[in-house]
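First comes the structure, then the notes that go with it.
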Amino acid sequence: MLKIQLVGLITLVRKETTRIFRIWSQTILPPVITTTLYFLVFGNFIGNRIGELDGVSYMQFIVPGLIMMGILVNSFMNVVSTVFSAKFMRQIEEVLVSPMANSVILLGYASGGIIRGCIVGVAIAIISLLFEPLQIQHPVLVAVTIILTATLFSLLGFLNALFARKFDDITIIPTFVLTPLTYLGGVFYSISLLPDFWKKVSLFNPILYLINLFRYGFLGISDVPIARSLIGLLVLTIAVWFIVLSLLKKGKGLRN
Amino acid sequence: MLAIEIENLKKTYKGGLNALKGINLTVPDGGFFGLLGPNGAGKSTTIGIICSLIQKTSGTCNIFGHNIDTELEEAKRHLGVVPQEFNFNIFEKCIQTVINQAGYYGVPAHIAEKRANQLFKDLGLWEKRNTIAHALSGGMKRRLMIARALVHQPRLLILDEPTAGVDISLRRHMWEFLEQQNRNGLTIILTTHYLEEAEQLCKNIAIIDKGNIIENDSTPELLKKLKSETVCLTPETPLPNNFQLDGFKSRIASDGDLEVELSSDISITELLATLNALGIVVSRMSNKANRLEELFLRLVEGPSNA
Ligand SMILES: Nc1ncnc2c1ncn2[C@@H]1O[C@H](COP(=O)(O)OP(=O)(O)OP(=O)(O)O)[C@@H](O)[C@H]1O
Ligand SMILES: [Mg+2]
C-alpha cells in the first residue's frame, strides 16, 4: 500500500510539473514580465528619486516583497486552476477512484503550486540581479519562508477549488483578496511611514507579516517581530492542511 | 469470496431525491453481472457509491471483503471503473492518460507502458495511442476508458453503459473482448438499458427501477419471468380459494379470478384445453399488466430499435 501511495504521488507530481513547463508562457512568463516592469518603473525610474528606505536603496527594499508576491499568487493560482478545471472536466475522478489516500492527493496537487511558486520566486530574484546585487542575510530563513508560504497558498488554492462552482469563483480570491492585501502589506513601503491609524490597521493584514519575514531574511530589516511571524506562518500552514484534509474526507465539492 | 456485497444501500441526494431506496446486491468472484434499468433508475448512483465518487446515505458496501467505510483504499485497489461520461483529460495523449492512471494505482510507468500498448492492440486503438484524446471518436473514447480501467489489472471491472453510442460491429467486438476478460477470471459488472445486451453477456441480471431492485436472478430464470405473462380467467362457478391448476403457476385472486402465469413456450390453447379437461368453464379472460411487464416493454426495445 505504501508503494501505491508513493508511485501515485510521483505520478501526480510529475504530471503537475510537466504542465507548468508545457504552458510556461502562462505559468512562469507573466509574473516575470510584470515584476521586471515593477523593477524598471519603481526600482529604477522612481526609486532613484526616492533614495534610501530603512538604510537600503529603494530597489533593494522592494525586491523581497515582489518575490513574495510572485510566490504566493502563483502557488495559489496554480492549484486553484488545476484542481478546479480537473473537477469541472471530471478528470479528478481518475484520482478519486484510485486507492490514493486523501493526504497523498492533496500533497500531489499542492506540490504543483509549491514548485511553480518556487520557480517564479527564483526567476524574479534572478531578474532583480540585473538591476542591483541581492544580499541574503539569513539564507535558511529565506528558504523556510519560501517553502512555507508556497505550501500555505497552494493549500488555500485547493480549498478555494473545493468551494468553487464556476470559473469566476477561482478569480475572486486572487483579485479581491490576495492582490490588495499584498499591495497594502508593505511591498512598496515601510509601514513606519504611515500615520498611526493606518499603521494599526496594517497590522491586521497577514500578508504584511510574510513580506516582512522575507525582507528580514534578505536585508535584516522588519516592521514586525520575526519569531512571531514565523510561528504564525507555520501554525497557519498546518491548520489549513488539516482543514482541507477533513473537507476532502467529507467529500466536500468533489464527491456528491 | 464475493466481489461485491451491498446491503440496504440508500442514497438521498441534496434536494431530497431518493435515488436508492435500500438495495441489496451480491456479485460472486468471477461473475458477469448486469444491472438493467431505465433512465434515472439509480444505476450510476450505485456504481458511483461503489467507486467512492458518490457518498452513500446509509447501508454497507464491501469489495472483495473490504468495507468501503473502513478500508476504502484497500477496497479500491482491485477496482477498475469505466464511467458513463467521459472523464479523461482531452488534451492529453491517449497513452499518457492510461499510464497516469496506472501510476495512481501504484504501477510504475515502464510497466504501465507495456500493458497500455497491449490493451491498445486488443481494443483496436493501436493507431491512436499517440493521438490527443480530444481527436478520438465517441466509440474510441469509450475504448480508451476501458483500457484505462484495466491497466492496473483489477479483479473487478465496472462499466456504466459501455456500449452507449457504439455501433453494432464495434459492440460485438467489445462484447467478445469483455467475455474473454471474464473467462480469464475478471469479475465484470455492467449497466445497460438493453435487455439484449444483458442477455447476451451476463450470467446474472438485476433489474433496478426507481431506486429499487425489483428482480435479481440468473439470466435464464429472469428471461423466463420477463417473457411470461399473467392471464386472469373468470370462472362461471367460483373455484375454491386454495385451487391450484396442475402444471401451471396459478392463484385465486381476491375477486375470485383465476390468475395463471404463462411462459412464452405455453400457448393459450394448451391452457384452455387443460381447463376444459377439468370441466372448468371460463366466462371471461383478460391480460393482467404487471410492473415487470411494463418495464420489460421499455427495456425490450433493444439497441437496434432505439
Ligand atoms: N448529482 C445529483 N444530484 C441530484 N440528483 C441526482 C444526481 N445524480 C443523479 N440524480 C438523480 O438520481 C436518480 C438516479 O440517477 P442515476 O444517474 O443513478 O440513474 P441511471 O440509472 O444511471 O440513469 P441513466 O440510465 O439515465 O444513466 C435520477 O432521478 C437522477 O435525477
Ligand atoms: Mg447512468
Open item on the list: I'd like to verify something in chain A: which complete DSSP H helices, judged by Cα projection on the helix axis, reach 18 Å or more and average at least 1.6 on the Kyte-Doolittle scale?
Closed with: A:102-129, A:139-163, A:226-250
Task: Total formal charge among the other residues, if their Cβ is under 12 angstrom from that of A:Met89, Lys/Arg +1 and Asp/Glu -1 - done: -2
- [ ] Enumerate the whole-percent occupancy of each 20 Å bin, from 0 to the last occupied one, for all C-alpha pair distances of the protein assembly as shown.
- [x] 18, 38, 25, 13, 5, 1
- [ ] Could you run the Karplus curve 6.51 cos²θ - 1.76 cosθ + 1.60 with θ = phi - 60° over the range B:261-278 and give me ³J(HN,Hα) per residue in whole Hz, x for Gly and Pro?
- [x] 8, 10, 7, 5, 8, 10, 8, 4, 4, 4, 4, 5, 4, 4, 5, 4, 4, 8
Open item on the list: Just to verify a number: FRET efficiency for B:Thr131 and A:Tyr183, C-beta to C-beta distance, R0 = 56 Å, to 0.05?
Closed with: 0.75
- [ ] Calculate, axis by axis, the spread of Cα positions in the range A:34-79 along the three principal axes, and write the results as whole Å, longest axis first.
- [x] 39, 20, 8
Task: Part-to-part distance (alpha-carbon centres) for the range B:197-239 and the range B:125-148, which is given in Å - done: 38
Task: Ratio of the Cα radius of gyration of chain B to 2.2 N^0.38 Å, where N counts its residues - done: 1.21
- [ ] For B:Lys249, enumerate residues with amide H under 5 Å from its amide H, sequence gap 5+ or separate chain, H modeled in the peptide plane.
- [x] B:Glu261
Task: Alpha-carbon Debye profile of the range A:82-228, log10 I(q)/I(0) at 0.11 Å⁻¹ - done: -0.54
Task: Surface accessible to a 1.4 Å probe, A:Asp196 within the full protein complex, Å² - done: 100
Task: Zero-based 5 Å bins, Cα pair distances in the range A:168-241, whole percents - done: 3, 15, 23, 23, 20, 10, 5, 1
- [ ] Counting only heavy atoms of the protein chains, get the accessible area per residue of the range A:103-243 (1.4 Å probe) and round it to a whole Å² value.
- [x] 47
- [ ] Please report Rg over Rh for chain A, where both radii come from the alpha carbon positions and Rh follows the Kirkwood definition.
- [x] 1.00
Task: Estimated vicinal HN-Hα couplings, Hz - the range A:183-196 in sequence order (Karplus 6.51, -1.76, 1.60; Gly, Pro = x) - done: 4, 7, x, x, 5, 9, 8, 8, 5, 5, 7, 7, x, 3
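Between chains A and B, what is the buried accessible area in Å², counting both sides, with a 1.4 Å probe and ligands, DNA and RNA left out, to the nearest 100?
In total, chains A and B hide about 2500 Å² from solvent.
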- [ ] Sort out for me the Cα centre separation of the range B:18-32 from the range A:8-70, rounded to whole Å.
- [x] 56
Task: Where only alpha carbons of the range B:103-261 are counted, the Rg and the Dmax (Å) - done: 23.5, 80
TODO: Provide the per-residue ³J(HN,Hα) series for the range B:99-108, in order, calculated from phi with Karplus coefficients 6.51, -1.76, 1.60 and θ = phi - 60°, each as a whole number of Hz, with x at glycine and proline positions.
DONE: 5, 4, 4, 4, x, 5, 9, x, 8, x
Task: With every protein chain in place, the protein assembly as shown: carbon and sulfur % of accessible area (1.4 Å) - done: 59
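Here is the link list: B:Lys10/B:Lys225; B:Lys224/B:Lys288; A:Lys15/B:Lys121; A:Lys15/A:Lys252; A:Lys87/B:Lys10. Which ones come out longer than 21 Å on Cα distance?
Exceeds cut-off: B:Lys10/B:Lys225; A:Lys15/B:Lys121; A:Lys15/A:Lys252; A:Lys87/B:Lys10.
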- [ ] Roll a 1.4 Å probe over the protein chains and send me the accessible area per residue for the range B:2-220 in Å².
- [x] 39
- [ ] Determine the distance separating the Cα centre of the range A:202-256 from the Cα centre of the range A:71-90; give it in Å without decimals.
- [x] 19
Task: Minimum 10 Å² accessible area buried by the other protein chains, the range A:67-116 residues, probe 1.4 Å, relative to alone - done: A:Met89, A:Arg90, A:Gln91, A:Glu93, A:Glu94, A:Val95, A:Leu96, A:Val97, A:Ser98, A:Pro99, A:Met100, A:Ala101
Task: Accessible area (Å², 1.4 Å probe, nearest 10) - B:His173 - done: 80
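How much net charge surrounds B:Asn67 when only other residues with a Cβ under 15 Å from its Cβ are counted (Lys, Arg +1; Asp, Glu -1)?
Here the count lands on -3.
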TODO: Quickly estimate the mean residue ellipticity at 222 nm for chain A, helices only: each DSSP H run with n ≥ 4 gives -39500 (n - 2.57), and the total goes over all residues, rounded to 500.
DONE: -23000 deg cm²/dmol
Open item on the list: What does the C-alpha gyration tensor say about the overall shape of the range B:143-221? Classify as rounded when a/c is under 1.5, otherwise prolate if a/b is larger than b/c, or oblate.
Closed with: prolate
Task: 1.4 Å probe, heavy atoms, protein only - residues of the range B:90-116 losing at least 50 Å² accessible area vs chain alone - done: B:Tyr104, B:Tyr105, B:Gly106
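The values are calculated or read from the model by the stated rules, or taken from the named source; none is laboratory data. As the structure is a computational prediction, the values presented were derived from the model and not from experiment. Note that each Cβ is placed from the backbone with ideal geometry, even for glycine, and that neighbours are counted across all protein chains shown. Calculation scope for accessible area: heavy atoms of the full protein, side chains included, ligands and nucleic acids excluded. Shrake-Rupley method; radii C 1.70, N 1.55, O 1.52, S 1.80 Å.
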